[in-house]
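K.L.:
This is the structure I have questions about; it appears just below.
The values are calculated or read from the model by the stated rules, or taken from the named source; none is laboratory data. Bear in mind the structure is a predicted one, so any value in this text is a computation, not a measurement. Cβ placement follows ideal geometry from the backbone for every residue including glycine, while neighbour counts extend to all protein chains displayed.
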Amino acid sequence: MIYRRALTREMGLATGAVLTVLIAIAMVVLFIRLLGDVARGELANEAVLAFLGFSLLYFLPVLMTIALFAGVLLPLSRMWRDSEMVIWFSAGLSLTQWIRPVLLFAVPFSLVILLLSLVLNPWAQAKKYEYRQELRSRSESSLVAPGLFAESSAGQRVYYVESLNPLTGIVRNVFMQSRIDGQLGLVVAREGDHTEMPDGSRYLVFKDGRRYEGIPGQLDYRIVQFERYWMRLDPVAVGGKETGVRQAPVSELIQDTSPQARAELLWRLGVPLSAIVLAVMAIPLSFVNTRARRSYGLIVALLLYFIYNNLLSLSQAWVAQSKLNPWAGMLTSHLLMLLAVFVLFYLRTRLRAFSWRRT
């Protein structure tokens, strides 16, 4: 049918455009947050892009759901404004006949969301945790960044370097403060680099500098001038593998009967289902009064989306706290929104029939 091909093409273009804008906004927000973590010394510079990808992949199912909802709503609203819907209705189409082309577009899109929620997101979260643990296990030399004061994970050393040669790894004009057993030590050197010995031990090697040692409040400081000063760096001990439900694959969640696992499974399955329900809901919400040239459907659509999303989050929280049965939490929010879809279709078809009788 002509109307199906035209609608599918417009929905694809609108969904792609909305998804591109949402991803761009999310990347900017996440990038700013990660830069703040780097400035506070909580994240290494080289990990920014990797963490940006992991974080974006985690939010991608929700972004795709919003894009699908808008991708169905906007083309249909445009067709109402341009009186195309009136022409299609005059040709014998009913409002419910638009459900099939919308579902033909929304179901494959929702299957992609399901794949992201069930498979790719847990894998990405597990890799993100492993990468974070690897960064924590690295030596303190990875904290050194030019122009920034960086504190070691144990809080015993503070580093500052003026410049860093990325090719050779040599830093210039180095300052380091250490506090061990109440004794303060300051090292100022012309340059330094990182050296790894054959046995795997790691050292920071400072060249052409001085070391000041003493106890704060006392005047008996010791000053040592050196050509080379070697300081051993011990890797940070990390804990065992995290067993959080966000990193667990779907097979483990099905076997796990804990409330937290049931709540995580509810969320992973709920997001793709909500995408289909919202896509169908967009059909009656797209109505635009061609005489008034305005519609409150967009405001209602935004309100219904936030209600739906909050219902899913609330159900997940109550299931995790054992306040709600998992099956009840799985079905309640979706059934309520399906009821809202039925009511919207009923009201829209009733009002349309009433307007046709008046004319």
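K.L.:
If I go through segment 67-101 residue by residue, how many of them are surrounded by 17 or more Cβ atoms within 10 Å (Cβ to Cβ) and β-branched (Val, Ile, Thr)?
P.N.:
Result for segment 67-101: 1.
K.L.:
Please return the ranges of helices (runs of 4 or more DSSP H) entirely within segment 1-93 where 3 or more residues are within 21 Å of Val277 (Cβ to Cβ) and under 18 Å from the mean Cα position of the chain (by Cα).
P.N.:
In segment 1-93, 2-39, 48-81 are the helices (runs of 4 or more DSSP H) which contain 3 or more residues that are within 21 Å of Val277 (Cβ to Cβ) and under 18 Å from the mean Cα position of the chain (by Cα).
K.L.:
Among the residues of segment 209-232, which ones are charged (D, E, K, R) and loosely packed, with under 15 Cβ neighbours inside 10 Å?
P.N.:
Hits for segment 209-232 are Arg210, Asp220, Arg222, Glu227, Arg228, Arg232.
The rows are residues; the columns are (1) within 40 Å of the chain's Cα centre (by Cα); (2) at pLDDT below 80; (3) not in a strand (DSSP E or B).
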position: Ile113; (1), (2), (3): yes, no, yes
position: Lys128; (1), (2), (3): yes, no, yes
position: Asp208; (1), (2), (3): no, no, no
position: Gly217; (1), (2), (3): no, yes, yes
